[in-house]
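Written out below as structure tokens is the structure these notes cover.
The values are calculated or read from the model by the stated rules, or taken from the named source; none is laboratory data. Quick caveat, the model's predicted, so the values are computed rather than measured. Methodologically, a virtual Cβ is constructed for each residue, glycine included, from the backbone with ideal geometry; neighbour enumeration extends over all protein chains shown.
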Amino acid sequence: MPRATVTRTRFALHPLMLALAVVLPGLDVSRTQAAPLVNSEQPGSQARHYTIAAGSLVSVLNRFAEQAGIFLAGHNDLAAGKRSPGLDGVYSQQQALQRLLQGSGLQAQRQGTGSYVLQATAVTQDALELGATNISGQAPGTISEDSRAYTVGSTSSATGLPLSLRETPQSVTVITRQLMDDQGATSIVDVLRRTPGISVQNYDSERWEFSSRGLPITNFQYDGVNTDYDGVYDYGTSSTDMAPYDRVEIIKGATGLMTGAGDPSATVNLIRKRPTPVFKASVTGTVGSWDNYRSEGDISGPLSASANVRGRLVGVHQDRSAYTDHYRSTKDIAYGIVEADLTPDTLVTVGIDQQDTRSRGASWTGFPMYYSDGSRTDFSRSFNPATDWSRRDFTNQTVFASVQQQLVNDWALKVSYDRKHRQHDTFLASASGGNPDPVSGNGMFMYMGKFEGDQVQDNIDVNLTGPFTLWGGDHELIVGFMSMSTRQDIPVYGSVYPPVDGSIFDWRGEFAKPGIPRVGTDDIVQRQTGAYLATRLKPVDDLALILGTRVSDFSGHDDLDYSDPHTADLRDSYRQSGVVTPYAGLVYDFDDTWSVYTSYTSIYQPQMSKDANRRLLDPVQGKSLEAGIKAEYFDGRLNARFALYRIEQDNIAEYVSGVDTESVYRAVQGATTKGFEIELAGELRDGWNLSAGYTYNHTRDAKGDYVYGSVLQTTAPEQVARVFSTYRLPGPWDRLTVGAGVNWQSEFFGNVFRPDPADTVNFGQYTTITQPGYALVDAMARYRFNEHLSTTLNVKNLFDKTYYTGLGNFGTGFYGEPRAVQLTTRWAF
């Protein structure tokens, strides 16, 4: 069972807690009697069996809230130093709480939302106002599902310690289940391209590059467990479906303490849905533009009479076309998870997540940006350079398990294992090569290649967390060890570049599928191990100091064996041991609302990119510094932050020339990124939610030049603004919720080859193409017919803006999505 966070100023109870569940406008803290028992038709009166050992009040309430599936909040001073007799028997929620709080001088006040607030049974003029943040356990932390909230009470993604957003000395953006549903976001791409501070660009129809603070995001986690991410082969990461996930936590900047290797852009942590102790189920159907059809089922509840065993099953089938010609994609998702309370102190979790994606008409890069005479092309948004049989298929299976053991004195041990088996089967053919004649359309050739991959990744994480007393104060500690091993078996096929028959203006995706022979085998093995430690010290009530370090070992080798005995095999390897990643953070509370913070961590990222001499580039190294101010308004229902940051890096790989595995890169030295972020997320008033953010970043190398991406030859936009808000109408219109959002970003630049017929030596030169800044407007409306049935209408890119969302991938471009309409109907049981 996760341990509760204990601070001097605020707390909330257990991983199923959420700040919005304790919205308390008008709460009268002068009441001295416990809330009366409700009638048998209300959820709080449903009786079930509880087995909870005696212990500290915080720990016991943590366990009860977990088993009962309720929201419970209060102020730490009320529970500090108190004990509870525990529970063993069949009780309703109110009866159980009364027994647990017996003799404590406290009561649990039931709210209209079904949540509870802890308060004293006798209130004096000196009584403290109740806080609304959560005592939250270690990851996966606060559950956002069914909260209607755009913020959460706690996160442990940054440091491993369960802290509120205000207590975390880094920028954290949380995309809750409610926000995803309101935006109609069903994939990780849908989520991230509307997330404050994140920009998204296309490689082609299937692959995306996500950036934060001007740098690519390469760190992805699932329930805090690292995964290897390859932005080129991808293995389906950017097509991840969001149905199995409760929320997404994005930790901005460097996160080396918990991830080890990585870029100082951000870490995206996807937190899975968990079983519920009471039955719930839903069926959802979606129809949308371009024959988009999606069905989703979700069922959860107890698997035993006492609910000590709980399960959940989520299934999705989606079949859709796209705004480009002759494209089709299907997706099948199956997610299952079971939790079992083996004892009151032992929680075992096992689960499986299977995601299969199949596409036809998948492009490899985009369309040419220049004609052969050097003039700009003007392809329509529906133009698809891919053949109708071109495919990119992914099969991703994750099996995961964990054991959480509650120890004495509120210490907890967690052991997690995660095994991913990811496969891709790709045969691409795209009429994207060359520069066509502006009159005849002739002169194009095909990018055509066959690619397969089979990747197995094993992750183990063991950590121990708990409070300790030192110098008369209460502090917290986490110590852990992780191991990640990734093995890829990649059959190597040749690539061919046949000419396009006829004019590109007459292209309809028809091209004979050739046979491409296998030329070798590529075996890639990468390993990372790390031991980490972090502590949160409270030298005085208003000051928290977080210190941590990680010691990591990295190794990898890439063995490419060619079938042709006359072709030399390739052997590349690296090994680094004892890499130390320090972390330091400081948070000072001005009062119950405002805090200032600062943090520092180092950067380390091994890389397999090679220079012109075919030598591996040295690891990317540097440091990341951040400082800012945070605030909690309306008892934690609204979180605000302002952050300044500076990132310094050496050895960033920048593309120079070449194709595929023979690409040549150079190491950029002295790259510096600096900027600031503003973000506001939560509930402005009852029924009015807001997610808003603005980011400015400035990235240059030591010479003051732009730093282009290593694959996409583009810069990231320097300014990004994301705003999305919904409002539930009052009074007789309270069944209707309306919302809108704006996604704006400033210009970005692509480095693209421009032909020049007069240049008989180089035949042209690279030039800069600018995508001017643009704004996309979204709108939504939801009508709730009754407690079971609701329908949501989403319109994305409302004004049908035309824009590029990718530039520079082999000199091509890619259009962003036109206006799209989506209608979703949900029936909840």
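Assigned to a helix (DSSP H, G or I), closer than 23 Å to Arg487 by Cβ and either in contact with a strand residue (DSSP E or B) (Cβ under 8 Å, 6 or more places away or on another chain) or charged (D, E, K, R) (or both) - does that describe any residue in the range 220-237? Let's see the steps before the verdict.
First, pick out the residues of the range 220-237 that are assigned to a helix (DSSP H, G or I): 237.
Okay, now just the ones that are also closer than 23 Å to Arg487 by Cβ, so 237.
Then drop every residue that is not either in contact with a strand residue (DSSP E or B) (Cβ under 8 Å, 6 or more places away or on another chain) or charged (D, E, K, R) (or both), which leaves 237.
Within the range 220-237 (the criterion being assigned to a helix (DSSP H, G or I), closer than 23 Å to Arg487 by Cβ and either in contact with a strand residue (DSSP E or B) (Cβ under 8 Å, 6 or more places away or on another chain) or charged (D, E, K, R) (or both)), the answer is yes, since at least one residue qualifies.
Does at least one position in the range 644-667 carry a residue that is part of a loop (DSSP other than H, G, I, E, B) and either surrounded by 17 or more Cβ atoms within 10 Å (Cβ to Cβ) or at pLDDT 95 or above (or both)? Reasoning before the result, please.
Residues of the range 644-667 part of a loop (DSSP other than H, G, I, E, B): 651, 658-659, 663.
Filter once more, keeping what is either surrounded by 17 or more Cβ atoms within 10 Å (Cβ to Cβ) or at pLDDT 95 or above (or both): 651.
So far as the range 644-667 goes, yes, one or more of its residues are part of a loop (DSSP other than H, G, I, E, B) and either surrounded by 17 or more Cβ atoms within 10 Å (Cβ to Cβ) or at pLDDT 95 or above (or both).
Answer with yes or no whether Gly548 is touching a helix residue (DSSP H, G or I) at 6+ places or on another chain (Cβ under 6 Å) and assigned to a strand (DSSP E or B).
Working: touching a helix residue (DSSP H, G or I) at 6+ places or on another chain (Cβ under 6 Å): yes; assigned to a strand (DSSP E or B): yes.
Answer is yes for this residue.
If you go through the range 184-203 one residue at a time, how many are under 18 Å from Tyr150 (Cβ atoms) and touching a Phe, Trp or Tyr at 6+ places or on another chain (Cβ under 7 Å)?
Here the count works out to 3.
Only one of Gly548, Gly509 is surrounded by 20 or more Cβ atoms within 10 Å (Cβ to Cβ) and over 30 Å from Met444 (Cα atoms); which?
Exactly one of Gly548, Gly509 is surrounded by 20 or more Cβ atoms within 10 Å (Cβ to Cβ) and over 30 Å from Met444 (Cα atoms), namely Gly548.
Collect the residues in the range 367-403 that are in contact with a Pro (Cβ under 9 Å, 6 or more places away or on another chain) and not in a loop (DSSP other than H, G, I, E, B), keeping them in residue-number order.
Of everything in the range 367-403, those that are in contact with a Pro (Cβ under 9 Å, 6 or more places away or on another chain) and not in a loop (DSSP other than H, G, I, E, B) turn out to be Phe367, Pro368, Tyr370.
Within the range 677-697, identify whether any single residue is closer than 28 Å to Val596 by Cα, free of Cβ contacts under 8 Å to residues at least 40 places away in the same chain and among the hydrophobic types (A, V, I, L, M, F, W, C), and answer yes or no.
For the range 677-697, residues closer than 28 Å to Val596 by Cα, free of Cβ contacts under 8 Å to residues at least 40 places away in the same chain and among the hydrophobic types (A, V, I, L, M, F, W, C): present.
In the range 581-623, which residues are over 30 Å from Asp542 (Cα atoms) and β-branched (Val, Ile, Thr)? If you could, list the steps in order and put the result at the bottom.
First pass over the range 581-623, keeping only residues over 30 Å from Asp542 (Cα atoms): 604-622.
Across the range 581-623, the qualifying residue is only Val620.
Can you tell me which of Ala185, Ala266, Ala261, Ala243 is of a type in the set (A, V, I, L, M) and modelled with pLDDT under 85?
Working: Ala185 fails: modelled with pLDDT under 85; Ala266 fails: modelled with pLDDT under 85; Ala243 fails: modelled with pLDDT under 85.
Among Ala185, Ala266, Ala261, Ala243, only Ala261 is of a type in the set (A, V, I, L, M) and modelled with pLDDT under 85.
Take the residues in the range 264-285 that are touching a Phe, Trp or Tyr at 6+ places or on another chain (Cβ under 7 Å) and crowded, with 19+ Cβ neighbours inside 10 Å; name whichever of them is farthest from Asn226 (Cα to Cα).
Of everything passing the filter in the range 264-285, Lys273 is farthest from Asn226 (Cα to Cα).
Quickly run through the range 371-392 and pick out the residues that are more than 24 Å from Asp800 (Cα to Cα) and surrounded by fewer than 24 Cβ atoms within 10 Å (Cβ to Cβ).
Tyr371, Ser372, Asp373, Gly374, Ser375, Asp388, Trp389, Arg391
Restricting attention to the range 738-760, report how many residues are without any contact (Cβ under 8 Å) to a residue 60 or more places away in the chain and either closer than 18 Å to Tyr150 by Cβ or part of a loop (DSSP other than H, G, I, E, B) (or both).
Count: 8.
Looking at Met242, is it of a type outside the set (Phe, Trp, Tyr) and buried (at least 24 other Cβ atoms within 10 Å of the Cβ)?
Values: of a type outside the set (Phe, Trp, Tyr): yes; buried (at least 24 other Cβ atoms within 10 Å of the Cβ): no.
Here the answer is no, as Met242 does not meet what is asked.
Tell me, which residue of the range 531-557 that is charged (D, E, K, R) and within 26 Å of the chain's Cα centre (by Cα) is nearest to Leu163 (Cα to Cα)?
So in the range 531-557, the residues charged (D, E, K, R) come out as 536, 538, 541-542, 550, 553.
So of that shortlist, the ones also within 26 Å of the chain's Cα centre (by Cα) come out as 536, 550, 553.
On the way: Arg536: 10, Arg550: 19, Asp553: 28 Å.
In this case the residue turns out to be Arg536.
Does Ser440 satisfy being in the same structural domain as Ala820 (by TED's automatic domain parsing), among the polar types (S, T, N, Q) and buried (at least 21 other Cβ atoms within 10 Å of the Cβ)?
Working: in the same structural domain as Ala820 (by TED's automatic domain parsing): yes; among the polar types (S, T, N, Q): yes; buried (at least 21 other Cβ atoms within 10 Å of the Cβ): no.
So Ser440 fails the test.
Which ones in the range 352-366 are in a strand (DSSP E or B) and touching a Pro at 6+ places or on another chain (Cβ under 9 Å)? Lay out the reasoning, then the answer.
Going residue by residue through the range 352-366, those that are in a strand (DSSP E or B) are 352-360.
Passing the criteria: Asp353, Gln355.
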